[in-house]
1. Would you mind telling me which numbered condition in (1) touching a residue at least 40 places away in the same chain (Cβ under 8 Å); (2) under 18 Å from residue 90 (Cα atoms); (3) surrounded by fewer than 20 Cβ atoms within 10 Å (Cβ to Cβ) residue 135 fails?
2. Suppose the filter is in contact with a helix residue (DSSP H, G or I) (Cβ under 8 Å, 6 or more places away or on another chain), over 15 Å from residue 150 (Cα atoms) and surrounded by 17 or more Cβ atoms within 10 Å (Cβ to Cβ); does residue 108 pass it?
3. Go through the range 125-152 and give me each residue that's touching a strand residue (DSSP E or B) at 6+ places or on another chain (Cβ under 8 Å), more than 19 Å from residue 30 (Cβ to Cβ) and outside any loop (DSSP other than H, G, I, E, B).
4. In this structure, does residue 24 turn out to be part of a loop (DSSP other than H, G, I, E, B), out of contact with any strand residue (DSSP E or B) (no Cβ under 7 Å at 6 or more places or on another chain) and either over 18 Å from residue 99 (Cβ atoms) or at pLDDT below 90 (or both)?
5. Before we move on, is residue 89 in contact (Cβ under 8 Å) with a residue 24 or more places away in the chain and on the phi < 0 side of the Ramachandran plot?
6. Please state which of the following conditions residue 46 fails to meet, knowing it meets all the rest: (1) under 17 Å from residue 146 (Cα atoms); (2) surrounded by 15 or more Cβ atoms within 10 Å (Cβ to Cβ); (3) touching a helix residue (DSSP H, G or I) at 6+ places or on another chain (Cβ under 9 Å).
7. Condition test on residue 107, is it under 28 Å from residue 169 (Cβ atoms) and free of Cβ contacts under 8 Å to residues at least 40 places away in the same chain?
């Protein structure tokens, strides 16, 4: 099979429902919005989900402080592997925590190289959008994500920025080139 980063599509829903069961049985303290949205959408059969994803990419009906973003699903054939959110721009808050790209891989597919492969595909999508450098952040104790970010920085170029620190949080920040 060929791994792809695709826009969410109903044809992947059987596999998405399987992943939702995994996410629920092994919740992550690092859950991203994209995964929270598919879990919530499963409660009403994805009634408004696909329209909301389309609106997010167009910057329509965004919550205050949000920027336009494109949600992608990493798939291998018909199997949903994980979700990636690509924010089209950064607010001052996103420059500290969040960055351009957030990703999460379903529990059964973690630690198998999918995050690195999906991130490389997402960087190509960012490049297509005209974003020449992306910021990716993760909690300082999320060593798996930091490893993926650092590997991408080494492969594509970029630099590790100073961490963002608050009273209860340290957020690692890495800028990665898309060119």
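1. Every condition holds for residue 135 apart from (3).
2. No; evaluated as a whole, the condition is false for this residue.
3. 125, 126, 133
4. no
5. In short, no.
6. Of (1) under 17 Å from residue 146 (Cα atoms); (2) surrounded by 15 or more Cβ atoms within 10 Å (Cβ to Cβ); (3) touching a helix residue (DSSP H, G or I) at 6+ places or on another chain (Cβ under 9 Å), only one is false for residue 46: (1).
7. no
The values are calculated or read from the model by the stated rules, or taken from the named source; none is laboratory data. All of these numbers come straight from a predicted model, not from anything done at the bench. Here Cβ is always computed from backbone atoms with ideal geometry, including for glycine, and neighbour counts include all displayed protein chains.
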